[in-house]
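Please treat every number below as a calculation from the coordinates, not as lab data. Worth saying up front: this structure is predicted, and the values here are computed from it rather than measured. Methodologically, a virtual Cβ is constructed for each residue, glycine included, from the backbone with ideal geometry; neighbour enumeration extends over all protein chains shown.
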Amino acid sequence: MSARPFFKSLFSSVTYLLSFNLFYDLAFQVTLSIWFDVPLACVAVAFGYYCCISENASTVGVDVIALILHRRNEQIRIAPTIRNINFVILGVGLFVFGWKSVAFGIGFSILYAWILRHMLRE
């Protein structure tokens, strides 16, 4: 087995952390309207997952589980599996964040997983 996916995943994780911290420190914010911002964020998240998955890498997040399940059984689609794992996480978060945040998270997960599924042509 090649070490390339490991190093690609490591690179994507470091890049993510550096980008996240850079934009957080810059206090960079583009807020127009929730009807524009949420779909834009969903496209950005789906595109990030797509870039990693299409290069045989991982974000080293919940997609790892989906990728492992997909490798063992190609009938298991990656995007819906990521979405369903997020639902489980959101279900646990219900006790911490409340129903409004969880409802928003479910909607967000549905939309970005749908976009990702189309990007991956699943």
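What to note about this one:
- Computed magnitude of the charge dipole of the chain (debye, nearest 20; Cβ of K, R +1, Cβ of D, E -1): 340
- As a ratio to 2.2 N^0.38 Å, the alpha-carbon radius of gyration for the chain is 1.12.
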